[in-house]
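No value in this document is a laboratory result; all are computed from the given coordinates. What you are looking at is a predicted structure, and each value in this text was computed from that prediction instead of being measured. All Cβ positions, glycine included, derive from the backbone under ideal geometry; neighbour counts span all protein chains shown.
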Amino acid sequence: MTTQTLYRSYIIEEYHLTREPYYVPVGDEVELFEAAYKAKIPVLFKGPTGCGKTRFVEYMSYRLGRPLTKVNESSGGGHNLPLVTIACHEDLTASDLVGRYLLEGENTVWIDGPLTRAVKAGGICYLDEIVEARKDTTVLIHPLTDHRRILPVEKRGELLEAADGFLLVLSYNPGYQSALKDLKHSTRQRFVAIEFDYPPRPIEAEIVRHESGADEAVAHQLAKLGEKVRNLKEHGLGEGASTRLLIYAGRLITQGIAPRRACQVAINWAVTDDESVQRSIEEIISSIFE
């Protein structure tokens, strides 16, 4: 279960994991993450859109024994959460992460930001697409990523020690990397990096079958389609079809949409506006779903 809270101009998601998220390991990513967690080493995920990075951190949060029952935010007890996910963007400020003073009636009160809440609760803080955040904001996390494990709260003159269990996890998509949107070396070298990619066809077919409800034959066809579409990256396609899009197509098919039409709207039109590339994808769809 999740609670979404609008905090200034972005959404933070606070996960109350009451059941195990579905995740199929592809390599040794589970063992690597567990080792990093036990050694209190921050982790960086690298991989394309929709390949399972967010699902993996949810799965590991549950696996590491941090599930809680749902807590009502209005009850005042909704801050001690196992996993806080922040979607980074270029307007993300240090105050957005750490907290700020706000007016409440005639009083000024301090409101902890999501990073502060995770530090205090000993949870996992997941900064998604970290390269979208401003560089002066990412510097803020440096003291949390070394032996100090502290968070400076300058506006209050405090140094918060991270509680046991706290782990900082970042992610980004190298496919969108540019000189203007890249991690500083001083930030990158504070993390161990786990690389993600789309799963091999048999595993992806099983994921699509489980997540979409499509039958086994359709799931295998969709996995085959995803593999072939990704091969078009050398022919002008910016990024291939994600596992997420294959699942969307599978869900449409289970709702009675014809397979070719489902693949057209969920995959072809979703990944590109280039008409020549769309025609190539359409040919692949037609060859698989005859």
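Data table
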| quantity | calculated |
| --- | --- |
| Pairs from K184/K224; K184/K228; K135/K224; K53/K155; K46/K224 whose Cα-Cα separation, in the structure shown, is over 31 Å | K184/K224; K184/K228; K135/K224; K53/K155 |
| Compactness index (Cα Rg / 2.2 N^0.38 Å), region 91-231 | 1.41 |
| Gain on full stretching of the segment that runs from V109 to D91 - 0.36 nm per residue minus C-alpha separation | 4.2 nm |
| Rough spin-label spacing in nm, given labels placed 7 Å along Cα→Cβ, for Q189 and R201 | 4.3 |
| Vicinal HN-Hα couplings computed from phi for region 124-132 (Karplus, 6.51 cos²θ - 1.76 cosθ + 1.60; Hz; Gly/Pro x) | 9, 10, 10, 9, 7, 6, 4, 5, 6 |
| Proximal charge balance of S171 [Cβ under 10 Å; K/R count +1, D/E count -1] | 0 |
| Mean separation of Cα contacts under 8 Å, 6 or more apart, over the residue count of region 189-237: relative contact order % | 29 |
| Shape category assigned to region 201-288 from the gyration tensor of Cα positions, a/c cut at 1.5 | prolate |
| Cα→Cβ-extended label distance, 7 Å offset, between S287 and K155, nm | 5.7 |
